[in-house]
Ligand code: PRP
């Protein structure tokens, strides 16, 4: 285990099992349909790469890059779209894939932005859901795990751009960020 990690929440094996199950469920729900899978960068990078390999539907992969203003660990609520979709989502089924949902402000922005482009449907899949921090009501369709309000890193999730490469999800030691 990395020296900055206090404990492992979800091991590599546990993550793989859960991603497989989510893939089965999503494949069932979109059977025979084309699905535009949108990874929200950078955090969703690792999860979306694993998830699409568990999907048995016609997948088109796309990415967007968003960032919230401010350097603090708290989301400010002002979202910047740094890279838009490449795909035209008019009349398409869209699945937005996130690594973690905290306040919900990023997704609230994305869903309302995408809705102006008249997709056939929009659903949300997140690996981790931190409901204790929710500020806006967001309907999340697929959830990997409900997580406690701890400082979580790994499997794509960073602290100051580090720890994204850890193959597990863990809780960062307080001494690292305090
Ligand atoms: C994280 C995460 C979500 C967002 C969730 O991204 O990947 O996109 O925050 O927070 P919210 O529900 O409070 O809006 P971050 O801005 O840290 O960027 P990153 O994906 O590049 O790490």
request  = Considering only residues that are without any contact (Cβ under 8 Å) to a residue 60 or more places away in the chain and more than 14 Å from the ligand (Cβ to nearest atom), look in the stretch 92-113 and name the one that is surrounded by the fewest Cβ atoms within 10 Å (Cβ to Cβ).
outcome  = 92
Tally of residues being in a helix (DSSP H, G or I) and in contact with a helix residue (DSSP H, G or I) (Cβ under 9 Å, 6 or more places away or on another chain) across the stretch 21-45 = 3
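The rows are residues; the columns are (1) over 19 Å from the mean Cα position of the chain (by Cα); (2) closer than 22 Å to residue 110 by Cα.
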position: 18; (1), (2): no, no
position: 26; (1), (2): no, yes
position: 31; (1), (2): yes, no
position: 88; (1), (2): yes, yes
query = Would you pick out the residues in the stretch 49-65 that are away from the ligand (no atom under 16 Å from the Cβ) and part of a strand (DSSP E or B)?
reply = 58, 59, 60, 61
Single match in 138, 89, 122 (criterion: outside any strand (DSSP E or B), touching a helix residue (DSSP H, G or I) at 6+ places or on another chain (Cβ under 7 Å), more than 10 Å from the ligand (Cβ to nearest atom) and within 24 Å of residue 23 (Cβ to Cβ)) = 89
task = Kindly check whether there is at least one residue in the stretch 25-42 that is at pLDDT below 95, more than 13 Å from residue 127 (Cβ to Cβ), within 16 Å of the ligand (Cβ to nearest atom) and surrounded by fewer than 19 Cβ atoms within 10 Å (Cβ to Cβ).
result = yes
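The values are calculated or read from the model by the stated rules, or taken from the named source; none is laboratory data. None of these values were measured; they are calculated from a predicted model. All Cβ positions, glycine included, derive from the backbone under ideal geometry; neighbour counts span all protein chains shown.
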